[in-house]
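To start, the structure itself, in structure tokens.
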Amino acid sequence: MFTTATAVLHSPSAHLRGKLSVLPAENKLSSNTQSIQMKLKELVVKQAISAPGVYLLALVTDNISSNPFHFSLQEFKNVKAGESLDLGPGGLVLYSNQNGLIPAYLHFRILVMSSQDATRDFSKLLHRLSRHEDMTLLAGEIHDLTELTPGNLKVFSQVSEKILLLASRILKNQKDEQLLQVIGSYDNAFDELGSTYGAVLLGNQQASLRLEVTVA
């Protein structure tokens, strides 16, 4: 297993469901909402690294898509300490809803890793991960959740952890170093899937990122 860092947690409304005796209405966003996007707006490696590069592995899980797992895997080379990495115009899209469907819940894990292998083909590795036979079973665990009880929400975290363990085996990244791990969730019933927060800065001494959810 790769070297890990203490996770940065960002679930600003997670404690609210546990205080209610009756489940809330799931949709706080306007009924006219069609588009939901979660974007990485900034990524900075704060300290110099000796590895050939850095890669980002993100997994966003929703409760409404036929395939609830939304992966992003991107590599960065020639990383300089303190500089913002190139995420493209407007940032890197980590999640975009499908067919105008509005999820009640989003769970996300974002890993920033130093890469000790300069020869990896990340596009092929992501293809293998998304089509691995275990993914169908894990998707079934999410589809079986008919209510967003506090207990059921733990399943999102457990499933995403299993997927990242699977990813680590496929990536063969035992010698990689984890610079940053962000684990979080947004809840439509309480924080409009995070769209009320703007660009949120999350990080540690090694790396930081800005995460933003927008709706239209």
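Key figures for this structure:
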{"quantity": "Check on Asp86, surrounded by fewer than 22 Cβ atoms within 10 Å (Cβ to Cβ), modelled with pLDDT under 90 and charged (D, E, K, R)", "calculated": "no"}
{"quantity": "Cβ pairs under 6 Å, 6+ apart, first in segment 76-90 and without any contact (Cβ under 8 Å) to a residue 40 or more places away in the chain and of a type in the set (Gly, Ala, Ser), second loosely packed, with under 10 Cβ neighbours inside 10 Å and assigned to a loop (DSSP other than H, G, I, E, B)", "calculated": "Ala81/Ala48"}
{"quantity": "Residue within segment 2-14 that is of a type outside the set (S, T, N, Q), at pLDDT below 90 and either loosely packed, with under 15 Cβ neighbours inside 10 Å or out of contact with any Leu (no Cβ under 9 Å at 6 or more places or on another chain) (or both) present", "calculated": "no"}
{"quantity": "Out of Asp191, Asp117, Asp121, sole residue that is touching a residue at least 60 places away in the same chain (Cβ under 8 Å), more than 26 Å from Thr33 (Cβ to Cβ) and not hydroxyl-bearing (Ser, Thr, Tyr)", "calculated": "Asp117"}
{"quantity": "Number of positions in segment 35-63 that are buried (at least 17 other Cβ atoms within 10 Å of the Cβ) and assigned to a loop (DSSP other than H, G, I, E, B)", "calculated": "3"}
{"quantity": "Selection count where residues are crowded, with 19+ Cβ neighbours inside 10 Å, assigned to a loop (DSSP other than H, G, I, E, B) and among the β-branched types (Val, Ile, Thr), scope segment 94-121", "calculated": "1"}
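Let's see how each residue does on (1) in contact with a Cys (Cβ under 8 Å, 6 or more places away or on another chain); (2) closer than 25 Å to Leu129 by Cα; (3) in contact (Cβ under 8 Å) with a residue 40 or more places away in the chain:
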position: Ala5; (1), (2), (3): no, yes, yes
position: Ser13; (1), (2), (3): no, no, yes
position: Asn27; (1), (2), (3): no, no, yes
position: Asn32; (1), (2), (3): no, no, no
position: Gln37; (1), (2), (3): no, yes, yes
position: Leu40; (1), (2), (3): no, yes, yes
position: Val44; (1), (2), (3): no, no, yes
position: Ala48; (1), (2), (3): no, no, no
position: Asp62; (1), (2), (3): no, yes, yes
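The values are calculated or read from the model by the stated rules, or taken from the named source; none is laboratory data. Here the structure is a predicted model, which is why all the values come from computation and not from measurement. In this analysis, Cβ positions are derived from the backbone assuming ideal geometry, glycine residues included, and neighbour counts consider all displayed protein chains.
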